[in-house]
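Contents: one structure, followed by commentary.
Any read-out appearing in this document is the output of simple, stated calculations on the displayed coordinates, not a laboratory observation. Computed from a prediction, not measured in an experiment: that's the story for all the values here. Glycine gets a Cβ as well: all are built from the backbone with ideal geometry, and neighbour counts include every protein chain shown.
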Amino acid sequence: MPELPEVETVRRGLAPALEGARLTQVDVNRPDLRWPFPTDMSARLTGATITALGRRSKYLLAHLDRGETLIVHLGMSGRMVVDDTRLGQFHRDPAWLPRHDHVVFHTGTHRVTFNDARRFGFMDLVATDALETSRHFVRMGPEPLGNGFNEDYLVAAFAGRNTPVKSALLDQRIVAGLGNIYVCEALHRAGISPLRKAGRIASPRVRSLVPIIRDVLGEAIEAGGSSLRDHRQADGELGYFQHTFRVYDREGTPCPTDGCGGTIRRTVQAGRSSFHCVICQR
DNA sequence: AGGTCACCCTGTAAGC
DNA sequence: TGCTTACAGGGTGACC
């Protein structure tokens, strides 16, 4: 489900309920998701206070006052929604099966439910001061919205690469947080074919990708992410960025580029769908 | 070294 | 209507 904008949307929605809150109870309803939960996860969380709720790439980070950080990845279909238990407001989609409520976090005033039908998500607990060297992040590239991701960096990262630019931008070691949707959208805005080899793109065009990627992600965050199937904001509302897609999931529709006249095509790269216009993306 | 692909799992939609 | 198939926003590890 979630790429960086969706995870950031969830983070912003959860933060008012969780930052500074003490976890009074944590229900862990099965032994694993994609991987086993960390040992004694419920006991290690219960009684802890969440000092800050952060994000690295597509990972949510709940920093605790015990020197550990809870890492949450939503996989493809993971959702986290918050209810104010004082108001009795429950954001439950009728199609959202309770048997997929795998972890429920309780504070004195709120309940946060992690629901993940496909169970591609996972959670981990690691020492906060060792986060960057943990196995999740040690090989991870820069944040696309941070200073480490810039024009010179991307030119160097693409130099000599024989892989399609689509695969290069999905490679979390090059830039961390992009997924299938936002790579397709950014490449259309840049006029670059997803099939083109990363090392065979003139450097001015590579450089142009940097502000375009920042714009696409920023606009998507402002829209609350993209809701195709599973994504919900933390209050249960849909995201709205999918209405702005130029190419993603728009096979057969006219290219939105002014005066282009092309048609959006779907291809498969590395087992995933790519969408692009063969006329204005070269 | 670098790149591709199958796989993890369930739900949904399309095709027959 | 019911069955089968393809596909889905991600990440890992085995393989070439």
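List of remarks:
- Note on the stretch A:226-269: residues that are outside any loop (DSSP other than H, G, I, E, B) and either in contact with a Gly (Cβ under 8 Å, 6 or more places away or on another chain) or of a type in the set (D, E, K, R) (or both) total 6.
- If you go through the stretch A:94-114 and keep only what is within 16 Å of DNA strand B (Cβ to nearest atom) and either assigned to a loop (DSSP other than H, G, I, E, B) or among the basic types (Lys, Arg) (or both), you end up with A:Pro94, A:Ala95, A:Trp96, A:Leu97, A:Arg99.
- Entirely in the stretch A:12-71, the strands (runs of 3 or more DSSP E) that have 1 or more residues that are of a type outside the set (A, V, I, L, M, F, W, C), within 24 Å of A:Leu217 (Cβ to Cβ) and away from DNA strand C (no atom under 16 Å from the Cβ): A:59-64
Yes or no, residue by residue, for (1) part of a helix (DSSP H, G or I); (2) within 15 Å of the chain's Cα centre (by Cα):
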site: A:Leu145; (1), (2): no, yes
site: A:Phe149; (1), (2): no, no
site: A:Tyr153; (1), (2): yes, no
site: A:Arg161; (1), (2): no, no
site: A:Ala168; (1), (2): yes, no
site: A:Ile174; (1), (2): no, no
site: A:Val183; (1), (2): yes, yes
site: A:Leu187; (1), (2): yes, no
site: A:Pro194; (1), (2): no, no
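- Sole residue being in contact with a Gly (Cβ under 8 Å, 6 or more places away or on another chain) and among the polar types (S, T, N, Q), chosen from A:Thr133, A:Thr128, A:Thr113, A:Thr107: A:Thr128
- Of the criteria (1) surrounded by fewer than 19 Cβ atoms within 10 Å (Cβ to Cβ); (2) within 9 Å of DNA strand C (Cβ to nearest atom), which one A:Thr253 fails: (2)
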